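Okay, so here's the structure we're looking at.
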Amino acid sequence: MVASRSARERKAAAEAGPLARVKIDLGADEQFVYKISCAECTVKGDRAWSAYRPGEDNGYMASMDRWIFHLKQKHPDADAPCLAYTDAAEQRLQERRQGLEARRD
Ligand SMILES: [Zn+2]
């Protein structure tokens, strides 16, 4: 059975930790689009930080990876379950970079 959107939101929010605000939209192709924004960086003004990128892959994995890097950079003291996947996220980032370079040739 496919989990409902709100159940997915709760699961993603639990993984992303207390600083994250998770919202799931349905994309044009019926794909789930994960929008993770940072509660702290939003409150502080400037520009609200969000892991959502228009036109990019906003699946669970891609959004959570961007969120992990945000936590690492801006909130090194923050604790969140998703930080357990930091190594895997860094490896995926590396692979995406290599993939982009390969396509440029
Ligand atoms: Zn933040």
* Asked: Can you list the cysteines of the chain that have no other Cys Cβ under 4.7 Å away?
  -> Cys82
* How high is the relative contact order of the chain, in percent, counting Cα pairs under 8 Å that sit 6 or more residues apart? -> 21 percent
* Asked: So, with +1 on the Cβ of K and R and -1 on the Cβ of D and E, and no other charges, what is the size of the charge dipole of the chain about its Cα centre, to the nearest 20 debye?
  -> 260 debye
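Using a probe of 1.4 angstrom, how much of the accessible area of the chain is carbon and sulfur, in percent? Walk me through the intermediate numbers first.
On the way: 3620 of 7190 Å².
It is 50 percent, rounded to a whole number.
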* Asked: Just for the Cα atoms in the chain, what are the lengths along the principal axes, largest first, rounded to whole Å?
  -> 42, 36, 28
* Asked: Counting only heavy atoms of protein chains, what accessible area per residue, in Å², does the chain have with a probe of 1.4 Å?
  -> 68 Å²
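The values are calculated or read from the model by the stated rules, or taken from the named source; none is laboratory data. Remember, predicted model here, so these are calculated numbers, not experimental data. So basically every Cβ, Gly included, is an ideal-geometry build from the backbone, and we count neighbours across all protein chains shown. Accessible surface areas use protein heavy atoms only, side chains included; no ligands, DNA or RNA. Shrake-Rupley method; radii C 1.70, N 1.55, O 1.52, S 1.80 Å.
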